[in-house]
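What follows is a short report on a single structure.
The values are calculated or read from the model by the stated rules, or taken from the named source; none is laboratory data. In this text, all values refer to a predicted model and were calculated from it rather than measured experimentally. In this analysis, Cβ positions are derived from the backbone assuming ideal geometry, glycine residues included, and neighbour counts consider all displayed protein chains. In case anyone asks, the SASA skips ligands and DNA or RNA and just uses the protein heavy atoms, side chains included. Shrake-Rupley method; radii C 1.70, N 1.55, O 1.52, S 1.80 Å.
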Amino acid sequence: MNRSPGRAESVLGEHETLPIATDLALLRRVNELLLRFLPVGVVVIDRAYHVVTMNTAARRLLGLRDASNEQDFLHAVRGIPYAEVRSGIDRVFRERNTLMLPEILLDSAMGGNGLYLCLTIVPMQVDANSPDLAAISVTDVTEQVQTRQHLETAQAEQAQLVAELGTANKRLSEMNKELIDANEELQVANEEMMLTYEELQATNEEFEATNEELQATNEELETNNEELQATNEELQTTNDELRARTIDLQELASMLESDRTRFAEMVELAPFHIMVLRGPQLIIEAFNAGYARLLEGRELRGRPLAEVAHHFWQSNDELVELAHQVYNENVPRTSQRMLISVPNPQGELVDRYFMYMLVPTHDSTGEVDGVAIYAIDVTEQRTQEVLQERERLRLIFQNAEQMALGLYDAESMELVMATPQYLQILGHTYPGERQSFIGSLWYERAFVGREEDALKLWGDVRSSLKPVRLPEAHLTLAHDSEETVWNWSLVPIMDPIRPDQIRFMMALAIEITEQVHAREEAERLDHLKDEFLSLASHELRTPLTSLIGNAYIMERLVKDAQTGTQPEAAAKLAHYVGSIRKQLERLNVLIEDLIDVSRLQSGKYTLSMERVEMMQVVRQAVDEARLISEQPPIVVDAPADDPLPVWGDRVRLMQVLLNLLQNALSYASNSERIDVRVRHENDPSSSGQIVSIQVQDYGPGIAPEDQSAIFSRFYQAGNSQRSSHRGLGLGLFICKQLVEQHNGSIVVNSRVGQGSTFTIELPLYNG
């Protein structure tokens, strides 16, 4: 493909073909036009007999004046035999086979139009997720039915006349036989009369009697002649009627031939190519003038489609396979848009785009006997779509202010179009060049590095067919400007018709300078905060150690003073000193939490790992929690003799369990009890086993909006403000970090007003 550098039109020219995705809307439009002008009515219904769509011919034949859809087909058509048609539709949906109702009378006595219709019901399903539909083909067979009825009546009358003629002939034969017998008797009598002439004279009276008998016989013969004449007249009348019936049949045959001729003209003048295939071998039976022009006089009728497919579609076997699927499955199919080389009027091969609709044809019994292929030239529509798509892309590129986009041709590496910001970046990168950057080559004007780097990135995308991304590309747009940071990507755009080939390359750059600076500032502040926590904890711990020691000394002195002269004053002093000690211990716990958080954040937190029996840790934690508070009671549910070893730090695991129990005692002090459940379970995410420990209270619970952040640093749930317990919000954060360092997990499940359940899962140690 030849292109001139610097011109976008050279890449997407007027005659260049760009494959795009199949436009099913166009196919639906073509189908609607085809159904509108065909003399056959088509109605599409769903399983509830609702009309989804129908064409004009169907409304005319069914006598429907209301054009709205969603009406009940069986009740909307007046005079239709409800039970027979409904049974047929149900049978089609149930058995998924085509059914033909050859003669359906729209009874005029029930409001119908008196027409005889042929209904062909075909199951339809566009795809696996679409609803079941059925297409009903409606054909007016009134003339055929009436003609057949007239023929049957004429044949019955003809048979009756033939029978009567046979009877008359039989009677005539019998009478002729009787006449012959009578003539023979007369001849014998004449001979006897000749021989006994003398006797006749003697017996004249007997002769006269014989004459009378002969006269009677002659009268009978005359009667028979009259009957024969009447029979001949009847036969003549029958012949006249048969002649009239023959003329009617000839007229009907002429009408059928005229209809066949008109249909052939419609097919011949159709704006698309039509090919008719017959039999399981898909023998080419006929095709219209559109295909005849493509074949240049080659006679292909009577040959299997697979042998001559290259005359139609070069070496494309997809349509041959699709045609066999249509024949075997009795389901219409539609191909994707295909690029075919066809000769133009000058005999030159040009590329044209076609879409093919393959429809099964049926014999009089409803069995599939062939396939009809309709080929529609959609080159002009595709060209319009390409132009519209190109215009949309141009508008998108011209109005994209937040991103820098550059579209490159995958074969020539030329820049096809770009957003103003992309061109501005190129202008800053190559300030000395005045010509337009449209049409420039990728590796000559890439701002991602050297020419070798640009070619390597391009080659990586071409070989992997996957995007390449540089999350932070630093770029200085001008000598006196600050460095900017860009999230840069090179994305392949695949050819919709050839999915294994790249059609375009999209260079995408989004400036993230502010986001990077904000992230760096947040990291700096977070580091300063960690340093502050470490410094504060160490500075606070030194005086606290001295205060705790002095508090213990004061407590011992007060106990000694209780034996003196002022026991009441000494008791009060002991109470205050004990309170000071408790507060100092609580402050020490807070400082320990700060130290733990600082170590966890800095990565300096170390564990003393060993084999730990979890049941011992659980019982020890429960005993210490009971010393803190006897209410609510703590109930332990654990297996009696099942060893549950884990690989961990005994002290830190004790810290986790004791923290959960203290939280339950503090925040759920009104709970009826606190349940601690220990279980030996299979890990659902792997083939290993785990130890599951649950701490459940029946207190106020935790709101849903707090559950997602309850394991964060310095976070306290909303209902904790109503508790007398105070803290820094570090306990659950430390618990989560410690459990995860033991390769375990901790989760919470809670409902407001129903309590909370914290679940710890640790891998079972098998060493």
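Odds and ends about this structure:
- Accessible area of F758 (1.4 Å probe, protein heavy atoms only, ligands and nucleic acids ignored): about 20 Å².
- Accessible-area value, H517, 1.4 Å probe, nucleic acids and ligands omitted, Å²: 90
- 1.4 Å probe accessible area per residue over region 619-694, in Å²: 52
- Here the calculated FRET efficiency for E740 and R673, from their Cβ-Cβ distance with R0 = 35 Å, stands at 0.75, rounded to the nearest 0.05.
- Largest to smallest in accessible area, the residues L115, L762 fall in the order L115, L762 (1.4 Å probe, all protein chains included).
- A straight chain from T759 to H517 at 0.36 nm per residue would run longer than the Cα-Cα distance by 83.2 nm.
- Proximity of backbone amide H atoms, modeled 1.01 Å from N, is registered between V752 and I702 at under 5 Å, excluding neighbours fewer than 5 places apart on the same chain.
- Volume per residue of the convex hull around the Cα atoms, evaluated for region 618-709, comes out as 129 Å³.
- Per-residue SASA remark: L457, around 30 Å² accessible (1.4 Å probe; ligands, DNA and RNA not included).
- Computed from the C-beta positions of E705 and E321 and an R0 of 60 Å, the FRET efficiency is 0.55 to the nearest 0.05.
- Candidate residues M194, M506: accessible-area rank, largest first, probe 1.4 Å: M194, M506
- Solvent-accessible ranking of K177, K736, largest area first, probe 1.4 Å: K177, K736
- Principal semi-axes in Å for region 184-223 [√(5λ), Cα gyration tensor, largest first]: 21, 12, 4
- At an R0 of 35 angstrom, the distance between the Cβ atoms of E84 and R301 translates into a FRET efficiency of 0.30.
- Rg over Rh [alpha-carbon atoms, Kirkwood Rh] for region 80-186: 1.46
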